[in-house]
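Scroll down for the structure; my scribbles are underneath it.
The values are calculated or read from the model by the stated rules, or taken from the named source; none is laboratory data. Quick caveat: nothing in here was measured; it's all calculated off a predicted structure. Cβ coordinates were reconstructed from backbone atoms using ideal geometry, including for glycine residues, and neighbour counts include every protein chain displayed.
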Amino acid sequence: MPAFSLEPRQQAWCAELRTLAAERLRPVAEKGEPGRVDRALLAELGRLGLLERLFTSGALDLCLMRESLAHGCTEAETALALQGLGAHPVHAHGTPAQRARWLPAVADGSAVAAFALSERAAGSDAAALTLRADPDPGAGGGAGRGWRLTGEKCWISNAPEADFYTVFARTAPGAGSRGITAFLVPADRPGLTGSALDMLSPHPIGALAFDGVPVTADDVLGEADRGFRVAMGTLNLFRPSVGAFAVGMAQAALEATLAHTARRDAFGGKLSDLQTVAHQVAEMALRTEAARLMVYAAATAYDDGAPGVPRRAAMAKLLATETAQYVVDTAVQLHGARALRRGHLLEHLYREVRAPRIYEGASEVQRGIIAKELYAETPPPAGEAP
């Protein structure tokens, strides 16, 4: 862990987290069933106070936590991150009643949260979502305004096993991103069903079907028709920390490669004696450090309320996830066939590292965000109309 930009207390905390990940969390995770919510792991994260920190930490601390956990136990990192992603809208935009009902249970690991934004035809283009929230005055009851949710969500992490979902639905047809509302929908709400998808993932990913699911004003997160802000605000916070997750995996792959190439006999010496190998390892380290620093910079900008947060967040996620793919792939190549054996660290990382380049906005989407923000920040040439 580099000292640059980190205070001694932060470095010590990262070291403590890496130890906890390896000694306390990994043994629990190894007993879990792939593709299912690991409630025992969530309970352990709760006992360690890490889930509660989702609601008390800034963006940089979130990145440090995710990077450190990913280094030693990717399953624990992902379980923590999904709790944060699903519950952050409740923390940031929920009513006192919503927060009191759900946040303590998320913090102790007894309630599983999920962020339900993506749809089959509206994954990367979140503003194109089609889940309808049709007005239903009868559904409001004492709360006043009511709706019925009709449609589907897909590629939802923790579905169909979550206890509640932050759901984004269209309340104003034809209004694009300005006609979306965020709702807190408990899993036992009538008309809500889900099914698991068989994915290359250690945690559950599923589809949700909404058959006239009743919601009221009491279920709205933030303001009606302003839910896109809730979604983008959540993603701006979590995108740099997806990069931190990637950096943690890259660092683990780098360390494994350093150890392997330093002791592996080859061509009359050690593998590390070969210049082509040493240069590849140097490139792995260079890219990992560059990605780490960009992640820290984006998180610090978020915490400081600096301008350009969406651009910085997109840059951090893009660079870090693409870097981790390169580093892990190179590590596998330098290890050879042993790295593809089931149970090997790199076999595990090789499966884990691919998905972050897609979720929370694919790499192509991040490039689009960066370009859009750059052009928006660039004033027109003198003498030309804006």
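What's the number of the only condition in (1) within 25 Å of Leu286 (Cα to Cα); (2) of a type in the set (Gly, Ala, Ser); (3) at pLDDT below 95 that Ala15 fails to meet?
With (1) within 25 Å of Leu286 (Cα to Cα); (2) of a type in the set (Gly, Ala, Ser); (3) at pLDDT below 95 applied to Ala15, the lone miss is (3).
What pairs come up if the first residue lies in the range 306-333 and is outside the structural domain of Glu352 (by TED's automatic domain parsing) and at positive phi, the second is of a type in the set (Phe, Trp, Tyr) and surrounded by fewer than 20 Cβ atoms within 10 Å (Cβ to Cβ), and their beta carbons are under 6 Å apart, counting only those six or more places apart or on different chains?
none
Determine whether the range 310-319 contains at least one residue that is within 22 Å of Ser201 (Cβ to Cβ) and modelled with pLDDT of 95 or more. I'd like the intermediate steps shown before the answer.
Pass one, the range 310-319, residues within 22 Å of Ser201 (Cβ to Cβ): 317-318.
Still in the list and also modelled with pLDDT of 95 or more: 317-318.
Yes, there is a match, as at least one residue in the range 310-319 is within 22 Å of Ser201 (Cβ to Cβ) and modelled with pLDDT of 95 or more.
Specify which of the listed residues (Ala209, Ala259, Ala250) is assigned by TED's automatic domain parsing to the domain that holds Thr288, surrounded by fewer than 18 Cβ atoms within 10 Å (Cβ to Cβ) and either of a type outside the set (Val, Ile, Thr) or within 17 Å of Leu131 (Cβ to Cβ) (or both).
Ala259
Anything in the range 211-256 that is acidic (Asp, Glu) and in contact with a Leu (Cβ under 6 Å, 6 or more places away or on another chain)? List them, or say none.
As a first pass, look at the range 211-256 and keep what is acidic (Asp, Glu): 211, 218-219, 223, 225, 255.
Matches in the range 211-256: Asp219 only.
Got at least one residue in the range 167-180 being closer than 28 Å to Leu48 by Cβ and either outside the structural domain of Gly86 (by TED's automatic domain parsing) or not small (Gly, Ala, Ser) (or both)? Spell out the reasoning first.
Residues of the range 167-180 closer than 28 Å to Leu48 by Cβ: none.
No; the residues of the range 167-180 include none that is closer than 28 Å to Leu48 by Cβ and either outside the structural domain of Gly86 (by TED's automatic domain parsing) or not small (Gly, Ala, Ser) (or both).
Anything in the range 212-223 that is outside any helix (DSSP H, G or I) and either surrounded by fewer than 17 Cβ atoms within 10 Å (Cβ to Cβ) or within 25 Å of the chain's Cα centre (by Cα) (or both)? List them, or say none.
If we filter the range 212-223 for residues that are outside any helix (DSSP H, G or I), which is where we start, we get 212-216, 220-223.
Passing the criteria: Gly212, Val220, Leu221, Gly222, Glu223.
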